Amino acid sequence: MKIYESKDIRNLALAGHGDTGKTSLTAAMLHNAGVTNRLTRVDDGNTLTDYDAEEVKRKISLSTGVCHFEFNKKKVNVLDTPGYGNFFPEARGSFRVCDVMAYMICAVSGVEVQTEKAWKIGAELKKPGIFIINKLDRDRSDFQKSLEAIQKKMAREAVPVALPVGKEGDFTGMVDLVNRKAYIYKDDSGKFEIADVPADMTDAVATAREQLMEMIAEGSEELMDKYLENGELSEDELKEGMTRAIAARELFPVFPCSATGNINVAQVMEFITTVLAGADTYSNECMAGEEKIELPVDESGKPAMFCFKTVSDPHAGRINLFKVMSGVVTPDLVLYNPRSDASEKPGAMFLLQGKDHTSVDGAHAGDIIGVAKLKETMINDTLTEKSSGYVFPPIKFPEAAISFAIEPKSKGDEEKISTALKRIAEEDPLLKLGRDARTHQILISGSGHLHVEVALSKMKERYKVDAILQPPQVPYQETIKKKVDVEAKYKKQTGGKGQYGHCKISMIPLEKGEDFQFEDKIFGGSIPKTYIPAVEKGIQEARMKGYLAGYPVVDFKVTLNDGSYHEVDSSEMAFKIAGSMAFKKGMEQAHPTLLEPIMQVEIYSPEEFMGDLMGDLNSRRGRIQGMESSGDSQLIKAQVPMAEMLTYESTLRSITGGRASFHMEFSHYDEVPSNIKEKIIADSKRDAGDDEE
């Protein structure tokens, strides 16, 4: 495949709730562009972008699928992102590197919650967007109702550029409001006939076209003058005006579509390649040394690229996916990674087509490529010339929502499990690994039960090792509420060289989320500088073991004020023990308390269950934040302690007969009520006693 210039590249992220048709639209575009010789389908398990064994089995996208096609002498990179709650956060990487977001709306369900979330992220990133109202061939589909929902909940500037011809089972095409031609389809081949506007649509087309012209003219003084003078804009003027208005987020075009029926997909592709601006129109926020700049997507600039995703390939190994942010990159370049302070040679470069990839000799600014066998580079890393000083800001992924302990099914497999999960976590920024400080079990954390379950299924499939998932664990934390000044002296004499370490510290509460700070205020050498890190290490190790119930102590600052040492008996170990002793002494006096994670919970349910669900949430110490309509369902938003949500899935199924769903993500930590705190502490001490036995 030839190397494309920036002006001829389009980067499109498909965004939306699960089952809105993102993967089906991708499949139809690839078929129409000649990439596939038949229209692949999610239900058949043969789409290019849902190729993972778990995706085929579950018939949903679990991570972003990357592919491309050529159309109208343009290269279109498509990022097919997941829409289901447990996997949606992974899409943030694709939203960061795309130029335009295509929001998929189900014409039956309307605007759903993950689509709204995608819209909010797109707004934060200032991404242009288009809306595709899909599934218009389904019973109860409604283009106008969906359009009104888009305008109410997302973009008032959303305006149709085409109107649907027919509805539900009689949906056969569209009328293009720019050229006033009808495109009529007879099957899913992607072939269509061009016809005049149907007689019964003449008035609706005239009204909608007038609205489109007015919105385009409003953004340009030149076009407004022409519109006022002539009462009309030409096709070329409309297209040029749309290109500018879309890039400026002043206009969000809306299309009618059926992806599985391949109806109007060709017109969407035409619009992407002839109306949407090229990659060279945009810029990216970047640090250049100490200065924050907007770095243009410019082929003549210094080479720089940003890693937004990692995939595992059975033959090539780990492949890092990059967007080229500036310049031209080639396999022979040696680039610098500011995070790891290491040089990397890209070596083999690929264009990705789902799980398949084709070697390429380079890529221009704005393009998306895969690079294999990089040793020091991971998600969120920048590769650039060292002299540029460029560093692109990291993608902000949400915190894990739930944690589980896991045990190997076969004895002796713990090391294999740890290695396998580390490899899976390299390509999944939502998956976190750790160890329980008390039980030493492996901990796996993710955005939900299904997310963790899928990770273990991948481990079994790829690495032939299996594990048992233990009940979910609540990652409590401990903190202090009062400032204290304490000192501790560790002195031991058993003949010969003794041990001596003495330190005076202050412990001060910090704001939520500030974790731990250590400040050295030793003056005059009362503790030699070589021993000060040992004091901090002793405090660090002690705080991670907790004080009340064995959970990490957070959000406090320790200031090392004074101390003393012995020229012969002092050692790093002695000062480490003294630091640990001082910490424990301080915790006794600093009014320690327990913190619990609070989850942001969203529940989608038919209205008839609202009363029971609200009552159940109240019994779980939940704080109801509000209710609103979401498609055909009601949406409840609430904040609930994680400890109360561990078995919620089965409760929700029981209350609603399986007709409701929910999603939760971490919100913040809050103090545990005293009666519950005492039980947690008692349980922890009992468990610790059991472990010792």
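Key figures for this structure:
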{"item": "Hey, V56 farther than 24 Å from I369 by Cβ, surrounded by fewer than 22 Cβ atoms within 10 Å (Cβ to Cβ) and among the aliphatic types (A, V, I, L, M) or not", "result": "yes"}
{"item": "Filter result (surrounded by fewer than 17 Cβ atoms within 10 Å (Cβ to Cβ) and in contact with a strand residue (DSSP E or B) (Cβ under 6 Å, 6 or more places away or on another chain)) within region 394-408", "result": "P398, E399, E407"}
{"item": "Residue check for D50: surrounded by fewer than 16 Cβ atoms within 10 Å (Cβ to Cβ), assigned to a loop (DSSP other than H, G, I, E, B) and of a type in the set (D, E, K, R)", "result": "no"}
{"item": "Residue in region 273-280 that is more than 30 Å from S189 (Cα to Cα) and surrounded by fewer than 15 Cβ atoms within 10 Å (Cβ to Cβ) present", "result": "no"}
{"item": "One residue from L635, L646 being touching a Pro at 6+ places or on another chain (Cβ under 9 Å) and either in contact (Cβ under 8 Å) with a residue 24 or more places away in the chain or over 20 Å from S403 (Cα atoms) (or both)", "result": "L646"}
{"item": "Sole exception among (1) crowded, with 17+ Cβ neighbours inside 10 Å; (2) touching a Phe, Trp or Tyr at 6+ places or on another chain (Cβ under 9 Å); (3) farther than 26 Å from L12 by Cα for N337, by number", "result": "(2)"}
{"item": "Looking only at region 340-355, and only at residues there that are over 24 Å from the mean Cα position of the chain (by Cα) and more than 14 Å from E376 (Cα to Cα), the one that is surrounded by the most Cβ atoms within 10 Å (Cβ to Cβ)", "result": "M349"}
{"item": "Segments classed as strands (runs of 3 or more DSSP E), wholly inside region 346-425, with at least 3 members that are at pLDDT 90 or above and either in the same structural domain as C307 (by TED's automatic domain parsing) or within 30 Å of C67 (Cα to Cα) (or both)", "result": "349-353, 368-372, 382-384"}
{"item": "Count - residues of region 65-87 that are in a loop (DSSP other than H, G, I, E, B) and surrounded by 24 or more Cβ atoms within 10 Å (Cβ to Cβ)", "result": "6"}
{"item": "Residue selected from region 298-334 under the condition closer than 18 Å to Y4 by Cα and without any contact (Cβ under 8 Å) to a residue 40 or more places away in the chain, by the criterion surrounded by the most Cβ atoms within 10 Å (Cβ to Cβ)", "result": "G327"}
{"item": "Evaluation of S506 against (1) crowded, with 16+ Cβ neighbours inside 10 Å; (2) over 41 Å from the mean Cα position of the chain (by Cα) (one fails), failing number", "result": "(2)"}
{"item": "Selected residue (only one of I527, I522 is among the β-branched types (V, I, T) and at pLDDT 95 or above)", "result": "I527"}
{"item": "Filtered residue count, region 542-599, keeping only those that are in contact with a Ser or Thr (Cβ under 9 Å, 6 or more places away or on another chain), part of a loop (DSSP other than H, G, I, E, B) and farther than 21 Å from K677 by Cα", "result": "1"}
{"item": "Members of region 283-332 found to be of a type outside the set (G, A, S) and assigned to a loop (DSSP other than H, G, I, E, B), listed by number", "result": "E290, V297, D298, E299, K302, P303, P314, H315, T330, P331, D332"}
{"item": "Any hit, region 183-196, residues being at negative phi, under 37 Å from the mean Cα position of the chain (by Cα) and acidic (D, E)", "result": "yes"}
{"item": "Subset of region 572-617 (residues that are among the small types (G, A, S) and modelled with pLDDT of 95 or more)", "result": "A574, A578, G579, S580, A582, G586, A590, G615"}
{"item": "Any hit, region 625-645, residues being exposed (fewer than 13 other Cβ atoms within 10 Å of the Cβ) and under 22 Å from G110 (Cα atoms)", "result": "yes"}
{"item": "Scope region 471-502; condition surrounded by 15 or more Cβ atoms within 10 Å (Cβ to Cβ) and within 30 Å of I406 (Cβ to Cβ); matching residues", "result": "P472, Q473, V474, P475, Y476, Q477, E478, T479"}
{"item": "Of all residues making up region 270-310, the number that are among the basic types (K, R) and over 30 Å from R423 (Cα atoms)", "result": "2"}
{"item": "G93 being out of contact with any Cys (no Cβ under 8 Å at 6 or more places or on another chain) and part of a loop (DSSP other than H, G, I, E, B)", "result": "no"}
{"item": "Pairs, first at positive phi in region 237-252, second of a type outside the set (S, T, Y) and surrounded by 18 or more Cβ atoms within 10 Å (Cβ to Cβ), C-beta under 6 Å, six or more apart", "result": "R249/P128"}
{"item": "Within region 155-266, helices (runs of 4 or more DSSP H) holding 2 or more residues that are surrounded by 18 or more Cβ atoms within 10 Å (Cβ to Cβ) and at pLDDT 95 or above", "result": "202-218, 235-247"}
{"item": "Inter-residue pairs, beta-carbon under 6 Å, first hydroxyl-bearing (S, T, Y) and in region 154-182, second at pLDDT 95 or above, 6+ apart", "result": "T172/V165; T172/G166; T172/I184; T172/Y185"}
{"item": "Meets criteria (of a type in the set (V, I, T), crowded, with 17+ Cβ neighbours inside 10 Å and on the phi < 0 side of the Ramachandran plot) for T382", "result": "yes"}
{"item": "Breaking point among (1) under 27 Å from K491 (Cα atoms); (2) under 41 Å from the mean Cα position of the chain (by Cα), for Y604", "result": "(1)"}
{"item": "Sole residue being β-branched (V, I, T), in contact (Cβ under 8 Å) with a residue 40 or more places away in the chain and exposed (fewer than 14 other Cβ atoms within 10 Å of the Cβ), chosen from I468, I539, I522", "result": "I468"}
{"item": "Subset of region 118-139 that is buried (at least 22 other Cβ atoms within 10 Å of the Cβ) and within 16 Å of the chain's Cα centre (by Cα) - its residue that is nearest to A15 (Cα to Cα)", "result": "A118"}
{"item": "Unmet criterion (only one of (1) closer than 18 Å to L125 by Cα; (2) among the charged types (D, E, K, R); (3) outside the structural domain of V42 (by TED's automatic domain parsing)) for D313", "result": "(1)"}
{"item": "Members of region 100-149 that are among the basic types (K, R) and either part of a helix (DSSP H, G or I) or more than 19 Å from I246 (Cα to Cα) (or both)", "result": "K117, K120, K135, R138, R140, K145"}
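Matching residues to (1) under 26 Å from V553 (Cβ atoms); (2) modelled with pLDDT of 95 or more; (3) not assigned by TED's automatic domain parsing to the domain that holds I577:
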site: P429; (1), (2), (3): no, no, yes
site: H451; (1), (2), (3): no, no, yes
site: Q493; (1), (2), (3): no, no, no
site: G496; (1), (2), (3): no, no, no
site: G501; (1), (2), (3): yes, yes, no
site: I508; (1), (2), (3): yes, yes, no
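The values are calculated or read from the model by the stated rules, or taken from the named source; none is laboratory data. Source: prediction; values computed, not measured. Using ideal geometry, Cβ is built from the backbone for each residue, glycine included, and neighbour counts are taken over all protein chains shown.
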